[in-house]
1. Between residues in region 183-198 that are over 16 Å from Ala173 (Cα atoms) and touching a residue at least 24 places away in the same chain (Cβ under 8 Å) and residues that are outside any strand (DSSP E or B) and of a type in the set (Val, Ile, Thr), which pairs lie under 9 Å by C-beta distance while being six or more apart or on different chains?
2. Applying the selection to region 1-40, what residues are in contact with a helix residue (DSSP H, G or I) (Cβ under 7 Å, 6 or more places away or on another chain) and within 14 Å of Asn119 (Cβ to Cβ)?
3. How many residues does region 151-184 contain that are surrounded by 18 or more Cβ atoms within 10 Å (Cβ to Cβ) and among the small types (Gly, Ala, Ser)?
4. What about Asp54, is it surrounded by fewer than 16 Cβ atoms within 10 Å (Cβ to Cβ), part of a helix (DSSP H, G or I) and among the charged types (D, E, K, R)?
5. Filtering region 33-86 down to residues that are closer than 18 Å to Ile326 by Cα and among the β-branched types (Val, Ile, Thr), which residue is farthest from the chain's Cα centre (by Cα)?
6. Mind listing just one residue for me: the one in region 279-312 that is in contact with a helix residue (DSSP H, G or I) (Cβ under 8 Å, 6 or more places away or on another chain) and outside any loop (DSSP other than H, G, I, E, B) and, of those, farthest from Lys131 (Cα to Cα)?
7. Where in region 59-174 are the helices (runs of 4 or more DSSP H), entirely inside, with at least 2 residues that are among the basic types (Lys, Arg)?
8. Check whether at least one residue in region 240-249 is at pLDDT below 95, at positive phi, in the same structural domain as Leu141 (by TED's automatic domain parsing) and not β-branched (Val, Ile, Thr), and report yes or no.
Amino acid sequence: MINIAYIGNGKSANRYHIPFAQKVPGLVIKKIVSKSESKWEKIEGVEYVNETRDVYEDDAIDLVVLSTPPHTHYELAKEALTHGKHVLVEKPFSETVEEAKELFDLAEKKGLMIQCFQNRRFDSDFLTVQKVIEEGKLGDLFEVEMHFDYFRPEVPKKTLAYSKPNSFVYTHACHTLDQVISYFGKPDDYQFDVRQLLGKGRMNDYFDLDLFYDTNLKVSVKSSYFRAKTRPSFVVYGKNGYFIKETKDRQEEHLKQFYMPTNNDFGLDLKEHYGTLIYYDEKGVYHEEKVISEVGDYSLFYQRLYETLTHGAPKLVKNEETLLQIELLNEAVSHLK
């Protein structure tokens, strides 16, 4: 059994972590650090404490999960490792590459695991795109567009000062940029366009990150707070055709409705959500077909984590992938306009 303590009792812990950890046999949520009153209903059998020392002094705790604001990650992760606990850190992992390297080195020295929580590797739309690419009907890939859009103008309007660790590119590109790194690897070149649409000194509310690979492939990661009509989640262009997936993974949609993973149809796409594949075969014959979506499931991250901690399986999110992501995020914010 792996006993877990969560530091943080907000949306991140209760929406994106706990419901999925509970699906994995062998994982037990023992404590949650909640320093203030929380709107989230208490979980039966879990001890709620006010201080991190209540976690560190409990020898039964194996794993500490940080679901706290980004600027706290480095210090809390270092503290947990120092007290002999494995650590899972919500994205973005840390503010700088130097901080991340220090944490990885400390974990290795103490024989502990530390890893970044990249649950969106198990998004339905991302898994479906991988399936389509690997079927080979598109042929050689030329371009992949990934969009993660919102229409939430009130957020940048009420944010009057820029903060790097809380910037849009840092806290949102960490989702899609990891998908790119996990599947396509390290780019050979890149070009970044990161903006403050409401003016200098305001929040970063737009980004367009272009990553180039030596196979003539460009992967674009784009997002904005001012998209009254969102762009397709994925568009993939190949030598023989293209694939378009209009809608995103539905796990977040269901979680926001408090429709939980205990339901059999949780997160599942309906027929109207399926993507469209259009291509010409080797005989020049035109094909257009709907692609049944793969099933997204964030609990698969926790399953892999359990296998790492109990059986020594390799970490799902490699250290070098986390370091590369932080490097690219820092490069992106340096291009802020």
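1. Note: pairs meeting the criteria are Leu198/Thr159.
2. Arg15, Tyr16, Phe20, Ala21, Lys23, Val24, listed by residue number.
3. The qualifying residues number 3.
4. Numbers: surrounded by fewer than 16 Cβ atoms within 10 Å (Cβ to Cβ): yes; part of a helix (DSSP H, G or I): yes; among the charged types (D, E, K, R): yes.
For Asp54, the condition - surrounded by fewer than 16 Cβ atoms within 10 Å (Cβ to Cβ), part of a helix (DSSP H, G or I) and among the charged types (D, E, K, R) - is met.
5. Thr72
6. Taking the candidates together, the pick is Tyr302.
7. By residue number, 97-110, 154-158.
8. No.
The values are calculated or read from the model by the stated rules, or taken from the named source; none is laboratory data. On a predicted model such as this, the values are computed, not experimentally measured, just so you know. Using ideal geometry, Cβ is built from the backbone for each residue, glycine included, and neighbour counts are taken over all protein chains shown.
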